[in-house]
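Student: If you scroll down you'll find the structure; I have some questions about it.
What follows is calculated from the coordinates using simple rules that are stated; it is not laboratory data. All figures in this text were calculated on a predicted structure; none of them were measured in a lab. With ideal geometry, Cβ positions are generated from the backbone for all residues, glycine too; neighbour counts draw on all protein chains shown.
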Amino acid sequence: MNKTVGIIMGSASDLPVMESAQRVLRELDVASEMTVVSAHRTPERMVEYARGAADKGIGVIIAGAGGAAHLPGMTASLTSLPVIGVPIKSRNSIDGWDSILSILQMPSGVPVATVALDGGTNAGILAAQILGASDNALRLRIETYKKGLQDKVLESIAAVESHETR
């Protein structure tokens, strides 16, 4: 059975960052679902989502949050599924550092894989790689995707090297 990636965020204002995770998952042909789950404003919804995710066929959860950013860690405390945290630079953020540190500095026993600030794309790729560890077809799609990234860089070399400096 192919697993789904659950994408959750603390508020709808996080959507521009989290959409990039969903975009790359679509490109890799990985099913995903996306919703808002606030650790602070809808804690019961968060508990229900985290505890029921595996039963719904979710294999990895990507949780994005700004500010105090408790959603990834609280979600990880409620499930045995891998959780990937995406710190988001929000309007109430301390330049994103509060979100980064809230997600990164988890206590022993409650791991959260953490990507860069506003790193939705990398969260999507990492989620696919986690699922791809037991899915050869997905792993091959990821290899093709990464080869495409390499090709873009190689194609840009001539343009950069022929650029005149002033």
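Student: Quick one: net charge around residue 141, please, counting Lys, Arg +1 and Asp, Glu -1 for every other residue with C-beta under 11 Å from its C-beta.
Tutor: With Lys, Arg at +1 and Asp, Glu at -1, the neighbours total -1.
Student: Does region 4-161 classify as rounded, prolate or oblate by the C-alpha gyration tensor (a ≥ b ≥ c root eigenvalues; a/c under 1.5 gives rounded; else a/b over b/c gives prolate, otherwise oblate)?
Tutor: It comes out oblate by the Cα gyration axes.
Student: Would you mind computing, in nm to one decimal, how far apart the modelled labels at residue 97 and residue 153 are, each placed 7 Å from Cα along Cα→Cβ?
Tutor: 3.0 nm
Student: First measure r as the distance between the Cβ atoms of residue 31 and residue 77, then evaluate 1/(1 + (r/R0)^6) with R0 = 25 Å and state the FRET efficiency to the nearest 0.05.
Tutor: 0.50
Student: While we're here: By how many nm would the segment from residue 23 to residue 129 grow when fully extended, if each residue of separation counts as 0.36 nm and the alpha-carbon distance is taken off?
Tutor: Contour length minus Cα-Cα distance gives 36.7 nm.
Student: Would you look at the GNM of the chain, springs on alpha carbons closer than 10 Å, and say which of 43, 82, 72 moves the most?
Tutor: Of the options given, 43 has the highest mean-square fluctuation.
Student: For the chain, what is the relative contact order in percent, using Cα pairs closer than 8 Å and at least 6 residues apart in sequence? Can you show the working numbers first?
Tutor: On the way: 304 pairs, mean separation 37.5, N = 166.
Once divided by the residue count of the chain, the mean separation gives 23 percent.
Student: Which of the aspartates and glutamates could be linked to residue 89 by a straight reach, that is with a Cα gap under 20 Å, when you skip same-chain ones fewer than 8 residues away?
Tutor: 14, 19, 98, 118
Student: Further question on the same structure: Mind pulling the angle between the C-alpha long axis of helix 43-52 and the longest principal axis of the chain? Nearest 10 degrees, somewhere in 0 to 90.
Tutor: For helix 43-52, the angle is close to 70 degrees.
Student: Something else about it: Once you order the gyration tensor axes a ≥ b ≥ c over the Cα atoms, which shape class does region 90-166 get: rounded for a/c under 1.5, otherwise prolate or oblate by comparing a/b with b/c?
Tutor: oblate
Student: Would you calculate the separation in nanometres between label points at residue 162 and residue 139, each defined as 7 Å from the Cα along the Cα-to-beta-carbon direction?
Tutor: 4.0 nm
Student: Taking the chain as a Gaussian network, Cα atoms linked when under 10 Å apart, which of 91, 23, 141 shows the biggest mean-square fluctuation?
Tutor: Fluctuation is largest for 91.
Student: In addition: Can you run phi through the Karplus equation (6.51, -1.76, 1.60; θ = phi - 60°) for region 26-33 and list ³J(HN,Hα) in whole Hz, with x for Gly and Pro?
Tutor: 4, 4, 8, 6, 10, 5, 8, 10
Student: Enumerate the calculated ³J(HN,Hα) couplings along region 152-162 in order (Karplus 6.51 cos²θ - 1.76 cosθ + 1.60, θ = phi - 60°), each rounded to whole Hz, writing x wherever the residue is Gly or Pro.
Tutor: Taking θ as phi minus 60°, the curve returns 4, 5, 4, 5, 7, 4, 4, 5, 6, 5, 8 Hz for region 152-162.
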